[in-house]
1. Tell me the strands (runs of 3 or more DSSP E) entirely within the range 62-165 that contain at least 1 residues that are in contact with a Phe, Trp or Tyr (Cβ under 8 Å, 6 or more places away or on another chain), of a type in the set (S, T, N, Q) and at negative phi.
2. Step by step: first the residues of the range 373-402, then only those that are more than 20 Å from the chain's Cα centre (by Cα) and of a type in the set (Val, Ile, Thr), then the one that is farthest from Thr354 (Cα to Cα). Which residue is that?
3. Can you find even one residue in the range 201-210 that is of a type outside the set (A, V, I, L, M), in a helix (DSSP H, G or I) and either under 18 Å from Leu383 (Cα atoms) or open to solvent by 10 Å² or more (accessible area, probe 1.4 Å) (or both)?
4. Collect the residues in the range 211-249 that are assigned to a loop (DSSP other than H, G, I, E, B) and either of a type in the set (D, E, K, R) or open to solvent by 10 Å² or more (accessible area, probe 1.4 Å) (or both), keeping them in residue-number order.
5. Report, ordered by the first and then the second residue, all pairs with beta carbons closer than 8 Å, sequence separation of six or more or different chains, a first member in the range 400-421 that is closer than 21 Å to Leu433 by Cα, and a second member that is assigned to a helix (DSSP H, G or I) and of a type in the set (Lys, Arg).
6. Quick check on Gly371: is it more than 29 Å from Val158 (Cβ to Cβ), open to solvent by less than 60 Å² (accessible area, probe 1.4 Å) and out of contact with any Leu (no Cβ under 8 Å at 6 or more places or on another chain)?
7. Going through the range 4-59 one residue at a time, which ones are open to solvent by 60 Å² or more (accessible area, probe 1.4 Å), more than 14 Å from Thr137 (Cα to Cα) and in contact (Cβ under 8 Å) with a residue 60 or more places away in the chain?
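The values are calculated or read from the model by the stated rules, or taken from the named source; none is laboratory data. The structure presented is a predicted model; accordingly, all values stated were derived computationally and were not measured. No Cβ is skipped: glycine too gets one built from the backbone with ideal geometry, and neighbour counts run over all protein chains shown. Quick note on the areas: whole protein, heavy atoms, side chains included, nothing else; ligands and nucleic acids left out. Shrake-Rupley method; radii C 1.70, N 1.55, O 1.52, S 1.80 Å.
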Amino acid sequence: MQFDLRVPRIIFGRGSLTKIGDLCREYGSSGSAIVITGKTISRATVIFDVLQHHHINYANYPVTGEPSINDVEEALEIARRVMATFVIAIGGGSSLDLGKAVSGLLTNEGTLMDYVEIYGRGQKLTRPGAPLICIPTTAGTGTEVTKNAVLSLPEHKVKVSIRSELLVPSVAIIDPLLTTGLPPTITANSGMDALTQCIEPYTSCSPVALVDTLCLDGVRRAADSLKRAYDHPDDLEARENMCLASCAGLYPADPTLPVVLYTPLRPPPAGSLYGGLGLSNAKLGAVHGFAGTLGGITGAPHGAICGTLLPFVMRANVAKLRRMVASASASDPATVLPSTVAQRAVEDHLARYTEVARIVTGRPDAQPEDGVEWILDLARNQLRIPSLRKMGVTGEEEQLQQIIQGSAKASSMKGNCIPLTAEELKTIIIEAL
């Protein structure tokens, strides 16, 4: 078994934001800072106070929506103007992604588009980014422990990434107290993002034993706590569980790394996420494959897109897996199964969906289809995640083809447990309208 672990220093727990003073003193002893915030700048008041107390010069850049190329350029200009030597990003995924992009470009030559994948030149960063402290105030994206920054490219109506081990934050402060009182909509969207990021790596085409425990514990915590946090914004135990779940199962596989040897499914140990957040190189799947294109087209929150798509992607995967099992029972599996899944038993993918179903429903006899229905009910009826149509997807053929073609290019789509045809992708979108 081979893997390449890239994680920041992680400071987790209630009240852990109090550690920011020591970190500012460490990173700002001979320099200045840029503080990236969301539109609610007041959340960063304690950071501004600490910087002033330590006589550290700083500038603030608030991002009001999903970060665009223009936001990166503006924030970078401000950072250079104050000669920033380190970056603090506090807020949701948008603030943290912007902070990671600014950190990387402060130390590397060239423009942002030199490093953007697919729509840019896709060059590799060659120098570590400026020291970066990420402080999430939502529990969903997990970007505080990952190596990529997701940005919007409005002229193409897509989301793009810059991706490098050199973008992994220096420190992640994860304080559940910062997530209390979040509006129900943000709790629902970010929570469904977290749940998706636990289920997809576990059921991907390249599951990894090391991350299985993290993912299943994350599913268990999200199933138990997401609705509680939605109904009771100040439930600290539920908020803490969602903060832990948001970090599980991240670190999609780097295609340049050695392929991890597959380990068959086994019952998960009763461990928690505290000791190894994000330690995996598993892939994602079709939900995230769709999400970038749909986010660019609709401008809808990433978590809402994941939440509304997750049950329909699961349904399509389970149905196709069952058809493949039926076909294989009468034929040589090597001649029936696509090459991407022929190397491991399709039955194991179904077993993984069965395990997810039994966790979320609490029923030891649950089948994959029961898990699909439970998640659909959670998203649509309990958390009121809107349909794709309410997000702006019309269902017209031209738009459907745009979504399918754009999503097919996504690296996450290649991680799906089985390849899906264009017609199957279209059916998922139509069902989610």
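1. Correct list: 84-91.
2. Among those that are more than 20 Å from the chain's Cα centre (by Cα) and of a type in the set (Val, Ile, Thr), it is Thr394.
3. No; the residues of the range 201-210 include none that is of a type outside the set (A, V, I, L, M), in a helix (DSSP H, G or I) and either under 18 Å from Leu383 (Cα atoms) or open to solvent by 10 Å² or more (accessible area, probe 1.4 Å) (or both).
4. Scanning the range 211-249 gives His232, Pro233, Asp234, Asp235.
5. Leu400/Lys426; Ile404/Lys426; Leu420/Lys320
6. yes
7. Correct list: Leu5, Arg6, Val7, Arg9, Lys19.
Listed here are the residues, each with its yes/no results for (1) of a type in the set (Ser, Thr, Tyr); (2) closer than 23 Å to Cys247 by Cβ.
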| residue | (1), (2) |
| --- | --- |
| Phe12 | no, yes |
| Gly21 | no, no |
| Ser29 | yes, no |
| Ser32 | yes, no |
| Phe48 | no, no |
| His53 | no, no |
